[in-house]
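First comes the structure, then the notes that go with it.
The values are calculated or read from the model by the stated rules, or taken from the named source; none is laboratory data. What you see is a predicted model, and the numbers here were worked out from it, not measured in a lab. In this analysis, Cβ positions are derived from the backbone assuming ideal geometry, glycine residues included, and neighbour counts consider all displayed protein chains. Quick note on the areas: whole protein, heavy atoms, side chains included, nothing else; ligands and nucleic acids left out. Shrake-Rupley method; radii C 1.70, N 1.55, O 1.52, S 1.80 Å.
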Amino acid sequence: MFIKREKLAIITAVYLLLLQLTVHAQTINDWENPQLVSQNTMPPHAHLIPYGDEKQALQKGSSPFIQSLDGTWKFTLVNTVAERPIEFYKNNFDTRQWKDIKVPANWQTEGFDKFIFTDVEYPIKPNPPYVPTDFNPVGSYKRNFTVPATWSGNNIFIHLGAVNSFFYIWINGKYVGLSKDSKTPAEFDITKFVQKGQNTVSIQVFRFSDGTYLEGQDMWKLSGIERSVYLIARPVLSVYDFFINAALDDAYKDGLLSVDVSMNTAPVAATGFVEIKLLDNENKTILQQQQPLANKSSYHFAATIPSVRQWNAEHPELYSLLIN
């Protein structure tokens, strides 16, 4: 069987067109893609606040390396994804007609959108991983901030304690990433995005996403930036994570302390040390250990605390541990 070249060319063109249409039809929205839980977020780690020195850390007050972004943001809400402002993250976008909203807060408690309470059923018609197109409110947030001059030379991160249920984030008009972990923190490295002087942060939050299907329990289904937002400055080489295990020996008398410290990178030619220091409730040092920095990112410490003061509900004895 023979086919003229002209017909073969037409058949090929039609096949390619159908292939393109098929690929287009299979395009998956980020908010309906269970394979995409987050994008460009930092790996999860234990909660830690950097301080300038031991005295500041023990006072547990405000840190010079933390800047809160809580407060009043500019805000607008639409009822569908199709209506959301597409280029609001650009620095020249005019938000003067937008409303003000408090952060952190659910936008429903601030007078936007409607409250939904469900028990065993979902707040939307189940069709995982898809969510409604006729009602999926999208809130757009924007505000300015200034990076302290004293942070020069540090890595800068933005920490979002909880955003429900899916969000994108931009800094100074540039895309940073996304997250669906609506009840856990999301942290992004924004060092390369920030600049001297005034900066802008823009966040777009979707009420429903494929993550909504993980939250089908007896609760109010609310939306927005639910927990605090703040900036963090950390040295180029810094502690990134730690794990502490405090146990008792077989006689329930001495304490067994195990501490694992992870640095944000493995230093190649750094001098100095990693240190842990354990203090009692009078801030008296009862244990101090150091390990020299080496070409590795993980450090393990272990010690026995003789006649340790044991914690119980009637006498909650606590120790303080400093990691440097």
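Worth pointing out:
- Any chance GLY216 is open to solvent by less than 40 Å² (accessible area, probe 1.4 Å) and within 26 Å of PHE167 (Cα to Cα): yes
- Cβ-Cβ contacts under 9 Å between residues 6 or more apart (or on different chains), taken from a first residue in region 53-71 that is closer than 28 Å to ILE101 by Cβ and without any contact (Cβ under 8 Å) to a residue 40 or more places away in the chain to a second residue that is in a loop (DSSP other than H, G, I, E, B) and of a type in the set (Gly, Ala, Ser), are listed as SER63/GLY52.
- Against the test of being of a type in the set (Lys, Arg), within 22 Å of the chain's Cα centre (by Cα) and outside any strand (DSSP E or B), the options LYS192, LYS125 yield a single qualifying residue, LYS192.
- Checking each residue in region 24-82 for being among the polar types (S, T, N, Q), open to solvent by 80 Å² or more (accessible area, probe 1.4 Å) and at pLDDT 95 or above picks out GLN35, ASN40, THR72, ASN79.
- When PHE117 is tested against the conditions (1) modelled with pLDDT of 95 or more; (2) outside any loop (DSSP other than H, G, I, E, B), the lone failure is (1).
- The set of residues from region 114-142 being open to solvent by 50 Å² or more (accessible area, probe 1.4 Å) and either in contact with a strand residue (DSSP E or B) (Cβ under 7 Å, 6 or more places away or on another chain) or at positive phi (or both) comprises PHE115, PHE117.
Quick grid of which residues meet (1) under 19 Å from the mean Cα position of the chain (by Cα); (2) of a type outside the set (Gly, Ala, Ser); (3) open to solvent by less than 30 Å² (accessible area, probe 1.4 Å):
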| position | (1), (2), (3) |
| --- | --- |
| TRP98 | no, yes, no |
| ALA105 | yes, no, yes |
| LYS180 | yes, yes, yes |
| ALA186 | yes, no, yes |
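- Selection status of LEU58, aliphatic (A, V, I, L, M) and not in a helix (DSSP H, G or I): no
- Against the numbered list (1) within 26 Å of SER297 (Cα to Cα); (2) exposed (fewer than 15 other Cβ atoms within 10 Å of the Cβ), ARG234 comes up short only at (2).
- Any hit, region 299-320, residues being loosely packed, with under 13 Cβ neighbours inside 10 Å, out of contact with any Lys or Arg (no Cβ under 8 Å at 6 or more places or on another chain), at pLDDT 95 or above and farther than 16 Å from LEU248 by Cα: yes
- Out of LEU256, LEU222, LEU278, sole residue that is surrounded by 14 or more Cβ atoms within 10 Å (Cβ to Cβ), over 28 Å from LYS192 (Cβ atoms) and within 22 Å of the chain's Cα centre (by Cα): LEU222
- The set of residues in region 225-237 being part of a loop (DSSP other than H, G, I, E, B) and more than 12 Å from the chain's Cα centre (by Cα) consists of GLU226, PRO235, VAL236, LEU237.
- Residue that is least open to solvent (accessible area, probe 1.4 Å) [pool: residues in region 237-252 that are of a type in the set (A, V, I, L, M, F, W, C) and out of contact with any Phe, Trp or Tyr (no Cβ under 9 Å at 6 or more places or on another chain)]: VAL239
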